[in-house]
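Engineer: Structure incoming, see below.
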Amino acid sequence: MPMPILVPAAVLVLWSVIMLIWMVVTRLPALARLRIPADRSRGGRGSDLDALLPRELQWKAHNYNHLMEQPTLFYAVVLILAVVGHGIGLNVILAWAHVILRIAHSLWQALVNSIPVRLALFLLSSAALGWLAVNAVRATLSLG
């Protein structure tokens, strides 16, 4: 049985892969130009590159990290709603709103990165996620 709410979740996964590729394609050439000695490149973390690479390159990495954080809650909520048969109607609209806002947030952070707009996009996407979470709790309680 098709479950429409799974489509926006799949799109957000695909978007995360696109951001990963964008990060790698922009970061690797910049790292190669730095010619970091092998003994200095062991045991580091991606955030250690903040001091070495132009901040515009790091914005993509920061956003990719963000896509591994809050969206994990989104995936859980979407799966809950799909499993209990509530992955339709308003929940699909809220899921698409969350995904569209997260993609807009990614593009804004990767290209412009001014905090007020980024924060607004984050808060709006979080509101959609919060609404979905409440709906998931309500849906699971109604099963008992």
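Engineer: Please verify whether Leu53 is modelled with pLDDT of 80 or more and surrounded by 16 or more Cβ atoms within 10 Å (Cβ to Cβ), treating the condition exactly as stated.
Structural biologist: For Leu53, the condition - modelled with pLDDT of 80 or more and surrounded by 16 or more Cβ atoms within 10 Å (Cβ to Cβ) - is met.
Engineer: Give me a count of the residues in region 90-141 that are closer than 17 Å to His66 by Cα and aliphatic (A, V, I, L, M).
Structural biologist: Count: 19.
Engineer: Can I ask one more? I'd like to know if region 76-83 contains one or more residues that are buried (at least 20 other Cβ atoms within 10 Å of the Cβ) and either among the charged types (D, E, K, R) or not in a helix (DSSP H, G or I) (or both).
Structural biologist: Checked against the condition, which is being buried (at least 20 other Cβ atoms within 10 Å of the Cβ) and either among the charged types (D, E, K, R) or not in a helix (DSSP H, G or I) (or both), region 76-83 yields no hits at all.
Engineer: Restricting to region 94-116, what's the tally of residues that are of a type in the set (Val, Ile, Thr), loosely packed, with under 15 Cβ neighbours inside 10 Å and assigned to a helix (DSSP H, G or I)?
Structural biologist: 1
The values are calculated or read from the model by the stated rules, or taken from the named source; none is laboratory data. Note that this is a predicted model, so its numbers are computed, not measured. Positions of Cβ are generated from backbone atoms using ideal geometry, with glycine treated the same way; all protein chains shown enter the neighbour counts.
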